[in-house]
Number of protein chains: 2
Amino acid sequence: MGSMPQATKRRVLVIGSGGVGTMAAYALEKGGKATVTAVLRSNYDAVQRSGFTISSLDHGEIQGWRPIRNSIPDVSQGRLKPYDFVVVTTKNIADVPPGVADMIAPAITPGHTAITLLQNGLNIERPIVAAFPSSPVLSGISFIGATEGPLGTIKHDNHDELSVGAFLSSSSSYSYCNGGTDKTDVAKAEAAARLFVDMYSSCPGVDCAYEPDVAFSRWRKLLYNASFNSVAAILRMDTSRMRISEHVIDNLIRPIMLEIIKVAGAAGTPLPSELVDKFIVIDNFEAFFKPSMFQDIESGGFIEFENIVGEPLREAERLGVETPTLRVVYGLLKGLQWQTMEKKGLVKVPVASEPGLKYGGSK
Amino acid sequence: MGSMPQATKRRVLVIGSGGVGTMAAYALEKGGKATVTAVLRSNYDAVQRSGFTISSLDHGEIQGWRPIRNSIPDVSQGRLKPYDFVVVTTKNIADVPPGVADMIAPAITPGHTAITLLQNGLNIERPIVAAFPSSPVLSGISFIGATEGPLGTIKHDNHDELSVGAFLSSSSSYSYCNGGTDKTDVAKAEAAARLFVDMYSSCPGVDCAYEPDVAFSRWRKLLYNASFNSVAAILRMDTSRMRISEHVIDNLIRPIMLEIIKVAGAAGTPLPSELVDKFIVIDNFEAFFKPSMFQDIESGGFIEFENIVGEPLREAERLGVETPTLRVVYGLLKGLQWQTMEKKGLVKVPVASEPGLKYGGSK
């Protein structure tokens, strides 16, 4: 990619087009350095009919934008030109197949396509790196406020702040990278990340920065997600009410944050302890904000708890760090996910005990 | 009391008349050794109009039974004869005033009335003993299945098994009693418990036994309540689904039970570890049973989590026993209770941050 002339637009495929995905697709297109195609599922028919309707604090009112397709393109037949970037903005539900790697595979040209994971959680790059070892894999951490109302209608009401870096980076403290890596691969990944930042930053109104230490930014965001996002889903409580109650912060949120700091430190990514008090009050109080997993529980959707709580917990176990709060929270989130699986028909509930059921018998 | 002639019926006041309370009142009356008055609140009007309608597997169909009043009687004026027994069958919501001691005070004749707490949880006798030091205080542990459908209509569908003993007992391992107690008080309390068992057992069809070791029976029932009842309330999941999922048992129920066994042991009440596997499958699988705190959450009522989880947790802290699972579960139940308090107008949620709010500020 680095050898392409400056004037050539990069071919970008954005997979997943909710609030975050649509605004990323729009910013990349508007920046003028990329030709964007968005892959839609639930909102495809609506957008095919009328285009996206976007009301954005950064970009104003947009109507009729329609850069879409309804399936992952297959580049293996040679009829489509390779994508320079595939940007994944779907939820990352690690415990419900198919995984991200399987989903995006048809669109990846090995050795050419860079993959940007604009998703929450820890270790999400591992299955991607394993499936596409010759592709640069990039981390995107977004602090945008953008939600889809009616299908195809996006309300963008909090500024678009994005940090992008390479998982494989010379300056990253990421445990994954400690195994030693090829310098050429590192340079290639870092170059792809800088190129992505350049494309994205070309759009007026957005704030996209190169992140040299992906590990730090991911563990840092986990401070919020492992605590507020998890407890909000379990209690169905917004973050302002947690702060009013005080004890939810003292008994649950703060202990989880302190456990995340312990694990991150043991994993080679020290986080400043001042972040705890900062993050406890980071949400705009007046917003009575419902974090994403709470919204998912309300709408009956799956929660991405495996990467938000499961992975830090497994890191803790690997490193011998005690995380008792995180462990209980994990068990409860897994219970919530099980209930969603039942509602979606993925687990069967027998009317009576069955042979083979570990806890089936009575008395 | 011991000096009363055999033929004299005891005066019994039953406070709280849901499923459990009504069936206890009925059994005591039907046994022929007690004259029972039941104090009703929510269902008073319905029962005043038509009497209780009871459909009972032990007693058959009963209609029009009406031994009721709508307030706690005040015996201090001397117009009412003293009650020999006051039986408390309300929920024990320790964190929402008024407490049980305040509520029952007008009906207690000091030095005469014995108080039977037919309620869940640990250390529930402490405020009662403190308020009425000259009254025998008895523990009732009920394994009945009885629920109120429409107001005043009781379905009694699981056999009435009751164990009653004195909190203050020569053979109890109860920590409360280890402080050393007057032998006369112990003998008086034990005699009152045996008398209560005799009254109750006189009713055909019920199974009421004298419990010499109240501590054991209370910690034993906590094995179930601290685990299944708590997790059911948090996840809104019946106990059969927990068993089908398996991991809810392995990650949450079993760890809580093991923590309860540790605390009970440290408190001087060793529980056999075989109880864990027995209690995990104790519910009839086909019933898809919803424990009481889950039912309370569904109906918007308060949960009695302070005596079911808070007290064992405080015992653990006092004794230096680690109970990490119980600690997190306690924090979550307290969050659920806070939400109920908000719904009932007992806590105020400001629209914006206010001075004095510990976690009010933004950034």
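The values are calculated or read from the model by the stated rules, or taken from the named source; none is laboratory data. Note that the structure is predicted; figures quoted are calculated from it, not measured. Cβ: placed from backbone, ideal geometry, glycine included. Neighbour counts: every protein chain shown. Side chains are part of the model used for accessible areas, which takes the heavy atoms of the whole protein and leaves out ligands, DNA and RNA. Shrake-Rupley method; radii C 1.70, N 1.55, O 1.52, S 1.80 Å.
Things worth noting here:
- For the peptides A:66-72, A:223-229, the ranking by packing is A:223-229, A:66-72, with the highest mean count of neighbouring Cβ atoms within 10 Å listed first.
- Using a Förster distance of 45 Å, the FRET efficiency for A:Val96-B:Asp182 (Cβ separation, nearest 0.05): 0.10
- Under Karplus coefficients 6.51, -1.76 and 1.60, residue-wise ³J(HN,Hα) of region A:132-140 in Hz, glycine/proline x: 10, x, 9, 9, x, 10, 10, 9, x
- Rounded Å value of the spacing that divides the Cα centres of region A:48-100 and region B:187-246: 57 Å
- In chain A, the longest principal axis of the Cα atoms and the axis of helix A:19-30 are about 20 degrees apart.
- Most mobile of A:Gly268, A:Gly320, A:Gly145 in a GNM of chain A (Cα contacts under 10 Å): A:Gly320
- Rounded to the nearest 10 degrees, the inclination of helix A:214-224 to the longest alpha-carbon principal axis of chain A is 40 degrees.
- Cross-link partners for B:Lys358 among the aspartates and glutamates, with Cα-Cα distance under 15 Å and sequence neighbours closer than 8 places in the same chain left out: A:Glu246, A:Asp250, A:Asp277, A:Asp283.
- Over chain A, the alpha carbon radius of gyration divided by the compact-protein estimate 2.2 N^0.38 Å works out to 1.01.
- Computed per residue of chain B from DSSP H runs no shorter than four, each worth -39500 (n - 2.57), the mean residue ellipticity at 222 nm is -10500 deg cm²/dmol.
- When B and A come together, around 4600 square angstrom of accessible surface is lost from both chains combined, probe 1.4 Å.
- Cross-link reach is defined here as a Cα-Cα straight distance under 30 Å, omitting same-chain residues fewer than 8 places apart; for A:Lys188 the lysines meeting it are A:Lys9, A:Lys30, A:Lys33, A:Lys81, A:Lys91, A:Lys221.
- Separation of region B:121-147 from region A:133-173 is 58 Å, based on Cα centroids.
- Formal net charge of residues neighbouring B:Phe294 (Cβ-Cβ distance under 13 Å; K, R +1; D, E -1): -2
- Relative to the 2.2 N^0.38 Å rule of thumb, the protein assembly as shown has a C-alpha radius of gyration ratio of 1.16.
- Of the solvent-accessible surface of region A:10-212, computed with a 1.4 Å probe and all protein chains present, 50% belongs to carbon and sulfur.
- Other protein chain Cβ atoms within 10 Å, averaged over every residue that makes up B:248-259: 3
- Inter-copy label distances at B:Pro110, shortest first and taken from points set 7 Å along Cα to Cβ: 8.9 nm.
- The trypsin sites (Lys or Arg not before Pro) of region B:311-356 that meet both conditions, a loop assignment by DSSP and at most 14 other Cβ atoms within 10 Å of the site Cβ, are B:Lys344, B:Lys348.
- Distance (nanometres) between label positions extended 7 Å along Cα→Cβ at B:Glu286 and A:Lys81: 6.8 nm
- For chain A, the longest principal axis of the C-alpha atoms and the axis of helix A:324-343 are separated by about 70°.
- Solvent-accessible area per residue in region B:10-212 equals 41 Å², computed with a 1.4 angstrom probe and all protein chains kept.
- In this structure, B:Ile72 and B:Thr8 have a Cβ-Cβ separation that, at R0 = 22 Å, corresponds to a calculated FRET efficiency of about 0.40.
- Sites matching trypsin sites (Lys or Arg not before Pro) across region B:179-226 that sit in DSSP coil, with at most 15 neighbouring C-beta atoms within 10 Å: none
- Compactness check for region B:1-73: Cα Rg over 2.2 N^0.38 Å is 1.14.
- Value of D in µm² per second that Stokes-Einstein yields for region A:216-343, Kirkwood Rh from Cα pairs, at 10 °C (1.306 mPa s): 109 µm²/s
- Chain B: most fluctuating residue of B:Ile104, B:Ile260, B:Ile308 per GNM, C-alpha cutoff 10 Å: B:Ile104
- Taking every residue in A:231-242 and counting other chain Cβ atoms within 10 Å of its Cβ, the average works out to 4.
- Extension gain, B:Asp277 back to B:His159 (0.36 nm per residue minus Cα-Cα distance, nm): 40.2 nm
- In terms of its C-alpha gyration tensor, region A:260-309 comes out oblate, because a/c is 1.5 or above while a/b does not outweigh b/c.
- Measuring spread by the Cα atoms of region A:276-357 yields a radius of gyration and Dmax of 16.6, 53 Å.
- Solvent-accessible surface (1.4 angstrom probe) belonging to A:Tyr83, in square angstrom, nearest 10: 10 Å²
- Using only Cα coordinates, the Kirkwood hydrodynamic radius of region B:10-212 works out to 17.0 Å.
- If you take all other residues with their beta carbon under 10 Å from the beta carbon of B:Thr113, and give Lys and Arg +1 and Asp and Glu -1, the sum is 0.
- Accessible area (Å², per residue) of region B:216-343, counting only protein heavy atoms and a probe of 1.4 Å: 31 Å²
- Distances in nm from A:Ser55 to the matching label points in the other copies, shortest first (labels 7 Å along Cα to Cβ): 5.3
- Estimated FRET transfer efficiency (B:Thr147, A:Glu317; beta-carbon r; R0 25 Å; 0.05): 0.05
- Subtracting the Cα-Cα distance of A:Leu258 and A:Arg236 from 0.36 nm times their residue separation leaves 5.7 nm of extension gain.
- Taking all pairs of distinct alpha-carbon atoms in region A:1-122, Kirkwood radius in angstrom: 15.2 Å
- Highest-fluctuation residue, A:Pro82, A:Pro150, A:Pro73 considered, GNM on chain A with Cα pairs under 10 Å: A:Pro150
- Order of exposure, largest accessible area first, which applies to B:Ser353, B:Ser245 with probe 1.4 Å: B:Ser353, B:Ser245
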